[in-house]
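Participant: Handing you a structure now.
A short reminder: the numbers here are calculations on the coordinates, not readings from a lab. The model shown is predicted, which means the values in this text are computed figures rather than measured ones. Neighbour counts run over all protein chains shown; Cβ positions are idealised from the backbone, glycine included.
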Amino acid sequence: MRVLNLAQFEGISTKYDGGWVSVSVTGLGRLRSVLVGYASLQYLSGREFRVELSMLEVSEEPPVLEGSAFFNLPPAPASGLAVDNMGVLMASGAQLDVAYGSDIWVLYFAKWEGDYAVEVGRAQLSVSDGERSAYLSISRTEGRLEGHLSLYAPDDSEARLELVREHDVFLSRARVKEVVARAKPNQSVAFTWRPVRGPEPLLVITKGVPSRSDVLQILEALGAPPGGFFNMTDDYVVGDGDRLRYRLRLTIARRFRRDLHAEEELRLKMTPPRRLGDLPGDA
């Protein structure tokens, strides 16, 4: 497990055991409380840099004694999107509430080891303008999405199946489009789509208000494309999870005419691995 200590606080020690991370905090005299749960970091880089850390779900409030605390972070699925100048990063985390000073946050980005189930409202989707018709049929949704994309057309138009991921970032919206399949006229192609399970284990220790440079370092450590804000060489998916919104978009791309679209909502359900609830060191 990699550790990225951006807070430059040396009173935190960690132990990685069986996917869990045990965290010990000492010497933080103004520590008032600790919240453990699932955390979110969202940012927007423009003329001004906006960043916000928040707890989406609190699962535990471990005791604090004379500036010391101990807690465990489970391998909850890391998820999120990074696009151009905005993004949202979600992971298992803890908030250390420090009186008269900046809070400290511990974020544990982990790969999801459980199962996925994909829910789609309709197993078939079509779009047509009379001359051209595109058809989508879905045959499997356990752990992945499988099916066929077909196009019947007299010219050089193209059928395209995209998966659209979205999440709100302040008053804006981060969106990542992934082309799952393409079909040429009078062609039927098979496709398989699998969710992104997340990054290799990364523990981030950061201040309550990370700087622009801090966020860039986190993105780099997670494996996002280089280039910084506005210059990322590609959109980046931290991981797929049930807190992102998904749509399937079926498109017929026509030369010199507007594209035709049909859409269907898609949802991910996540089943924890059998021993996700066990504490580190348990048999």
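Participant: Residues of the range 156-170 with the amide nitrogen closer than 15 Å to a label point 7 Å from the Cα of ASP259, along Cα-to-Cβ, please.
Facilitator: It comes to 157-165, nothing else.
Participant: On a 0 to 90° scale, report how tilted helix 212-222 is relative to the longest principal axis of the chain, with both axes built from alpha carbons and the result rounded to the nearest 10.
Facilitator: Helix 212-222 sits at roughly 70 degrees to that axis.
Participant: Have a look at PHE170, PHE71, PHE256 and tell me which one the Gaussian network model of the chain (Cα, springs below 10 Å) gives the largest fluctuation.
Facilitator: PHE256
Participant: Nearest 5 percent is fine: what portion of the DSSP beta bridges confined to the chain is antiparallel?
Facilitator: Here the share of antiparallel DSSP bridges comes out near 95 percent.
Participant: What do you get when you divide the Cα radius of gyration of the range 3-159 by 2.2 N^0.38 Å, with N the number of residues?
Facilitator: Expressed relative to 2.2 N^0.38 Å, the Cα Rg reads 1.54.
Participant: Would you work out if the range 1-87 is rounded, prolate or oblate? Take a ≥ b ≥ c from the square roots of the eigenvalues of the alpha-carbon gyration tensor; rounded if a/c is under 1.5, else prolate when a/b is larger than b/c, oblate otherwise. Show your work: numbers first, answer last.
Facilitator: Working: a/c = 1.90, a/b = 1.55, b/c = 1.22.
Since a/c reaches 1.5 and a/b is larger than b/c, the shape of the range 1-87 is classed as prolate.
Participant: What's the lysine pair count for the chain at a Cα cut-off below 24 Å, pairs eight or more apart or interchain?
Facilitator: Number of lysine pairs found: 6.
Participant: Sticking with this one: Among 136-142, 246-252, 44-50, what's the highest-first ranking by average C-beta atoms within 10 angstrom per residue?
Facilitator: On the way: 136-142: 15.3, 246-252: 20.3, 44-50: 12.6.
Answer by packing, highest mean first, reads 246-252, 136-142, 44-50.
Participant: Here's a follow-up. Using a Förster distance of 45 Å, how high is the FRET efficiency between VAL179 and SER24, based on the Cβ-Cβ distance and rounded to 0.05?
Facilitator: 0.45
Participant: What do you get when you divide the Cα radius of gyration of the range 166-228 by 2.2 N^0.38 Å, with N the number of residues? Display every interim value, and only then the final one.
Facilitator: On the way: Rg = 17.6 Å, N = 63, 2.2 N^0.38 = 10.6 Å.
Normalised by 2.2 N^0.38 Å, the Cα Rg of the range 166-228 equals 1.65.
Participant: Which length gain, in nm to one decimal place, applies between GLU48 and GLU220 when the Cα-Cα distance is subtracted from 0.36 nm times their residue separation?
Facilitator: Roughly 59.8 nm would be gained on extension.
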